[in-house]
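Structure, as structure tokens:
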Amino acid sequence: MNTLTLSLSNIDHNYNCIREQINATTQIIGVVKANAYGSSSIHFASRLVELGVDYLAVAYTEEGQQLRSQGVKIPIMVFYPQLDALDTLLDACLEPCLYNETILEGFKKILLEKKISHYPVHIKYNTGLNRLGFTPDQSDWVLEQMKNNCFQLESVYSHLAASEAKRPSALCKSQIELFEILKIKHSSVSNQPPKFHLLNSSGVFNYPEHQYDMVRCGIALHGFANHPDWDAHLKPICVLESSITQIHQVKKGNFVGYDHGWQAPQNTQIATLPLGHADGIGRHFGHHKGSVMINGKKAPIVGNVCMDLLMVDVTSIDCEEGDKVKFFGELNTASTFALQGNSISYELITGLGSRIKRIVKE
Ligand SMILES: *Cc1c(COP(=O)(O)O)cnc(C)c1O
């Protein structure tokens, strides 16, 4: 019925493309949070491991725990560990990114109780995104804490607020400056300095001069770098396809869908597709905003998207029930489709529901 096909060889292509942007010694952190951006985290992560990725990263502990239970052995960072899952994090040999006093103290307490020393941790600084992280003026306190031998400080990082812009904004410049100061501070105190990292996917393409020791890439591995110029070098890895469930003829003046969503201005042929907002195709794609491809032609979504189904206008398309429907793929990409609904690739692909069958191909 509905399939999301994941191309492993396109992951290879995107990984190599990222490698070409950075120095040979710079490490890549493959970000596989949110089921590898809605695809299939174990297949995605395993391929990255085969490609030689240095680290994996997830958002929450349970995501890392799942990868461990599926046999992933390489280091996994947890970007946003929560207090209530720190024991689980430790049991699964995951590496926490410590972003405030509460989480640092909480983790320290567990390590001391269990008499664990030199446990790998990462420190996250907030340099201007104002989401998570220690403020730069807490760095003395952080450095003091890191002297406790329960910790092994592996890396220090921050996250840019607007890395999509080809030229850095004033905010971006100030984030880089603050990070430089933090880097100097953290380098000088130890004879084994931690690694530093600042860039996500778009950062790698726009500001490779600030790659430091590692880069954190998610969306670029999926074929998008938030700019058409960079997207042209990458290959989308996922194709979302469906098929026509029913075709019917709607007379001029009749309505289609809930709430009189659309009134046919002329006799119209409508195809109903088995995908709705419960599958991640939200209502914002309705009312002719989004369109799908059927037999090489564009069919606009009419009226309101329902929970499990949606309707498209196929009046000018030669098609029958059972015919294939393409929502997005290599040519009409997820990024383009997302834009039609005033969304972005990240939101569209991570929001695809579990009813859509994931298929993995070479
Ligand atoms: C999700 C995430 C990334 C990956 O960002 P992309 O734009 O997908 O490359 C990097 N760093 C942090 C802290 C993240 O949360």
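The values are calculated or read from the model by the stated rules, or taken from the named source; none is laboratory data. Just so it is clear, the structure is predicted and the values come from calculations on it, not from any experiment. Please note: Cβ atoms are built from the backbone with ideal geometry, for glycine as well, and neighbour counts cover all protein chains shown. These accessible areas exclude ligands, DNA and RNA; they are computed on the full protein's heavy atoms, side chains included. Shrake-Rupley method; radii C 1.70, N 1.55, O 1.52, S 1.80 Å.
Observations on the structure shown:
- Identity of the residue in segment 13-33, under 17 Å from the mean Cα position of the chain (by Cα) and of a type outside the set (Phe, Trp, Tyr), that ends up most open to solvent (accessible area, probe 1.4 Å): Lys33
- Single condition Arg355 does not satisfy, out of (1) in a helix (DSSP H, G or I); (2) touching a Leu at 6+ places or on another chain (Cβ under 9 Å): (1)
- Segment 146-159 - residue that is within 16 Å of the ligand (Cβ to nearest atom) and open to solvent by less than 10 Å² (accessible area, probe 1.4 Å) and, of those, farthest from Leu178 (Cα to Cα): Ser155
- Residues in segment 21-39 that are β-branched (Val, Ile, Thr) and away from the ligand (no atom under 11 Å from the Cβ): Ile22, Thr25, Thr26.
- The lone criterion from (1) in contact (Cβ under 8 Å) with a residue 40 or more places away in the chain; (2) over 30 Å from Asp140 (Cβ atoms) left unmet by Gln27 is number (2).
- Verdict on Asn191 being within 13 Å of the ligand (Cβ to nearest atom), outside any strand (DSSP E or B) and modelled with pLDDT under 95: no
- Only a single criterion out of (1) part of a loop (DSSP other than H, G, I, E, B); (2) surrounded by 18 or more Cβ atoms within 10 Å (Cβ to Cβ) is not satisfied by Met311, namely (1).
- Any hit, segment 315-330, residues being more than 28 Å from Val360 (Cα to Cα) and among the aromatic types (Phe, Trp, Tyr): no
- Residue in segment 163-171 that is in contact with a strand residue (DSSP E or B) (Cβ under 7 Å, 6 or more places away or on another chain), within 16 Å of the ligand (Cβ to nearest atom) and not β-branched (Val, Ile, Thr) present: no
- Of the residues making up segment 220-227, at least one is surrounded by fewer than 20 Cβ atoms within 10 Å (Cβ to Cβ), away from the ligand (no atom under 11 Å from the Cβ) and under 30 Å from Glu330 (Cβ atoms).
- Residues that are surrounded by fewer than 19 Cβ atoms within 10 Å (Cβ to Cβ), out of contact with any Cys (no Cβ under 7 Å at 6 or more places or on another chain) and aliphatic (A, V, I, L, M) were ranked within segment 112-134; the one that is farthest from Cys150 (Cα to Cα) is Leu129.
- Residue list for segment 34-77, restricted to those being touching a helix residue (DSSP H, G or I) at 6+ places or on another chain (Cβ under 6 Å), touching a residue at least 40 places away in the same chain (Cβ under 8 Å) and surrounded by fewer than 21 Cβ atoms within 10 Å (Cβ to Cβ): Ala34, Asn35, Leu51
- The set of residues in segment 238-272 being out of contact with any His (no Cβ under 8 Å at 6 or more places or on another chain) and under 30 Å from Ala220 (Cβ atoms) consists of Val239, Leu240, Glu241, Ser242.
- Scanning segment 181-195 finds no residues that are hydrophobic (A, V, I, L, M, F, W, C), closer than 30 Å to Leu4 by Cα, buried (at least 17 other Cβ atoms within 10 Å of the Cβ) and assigned by TED's automatic domain parsing to the domain that holds Gln21.
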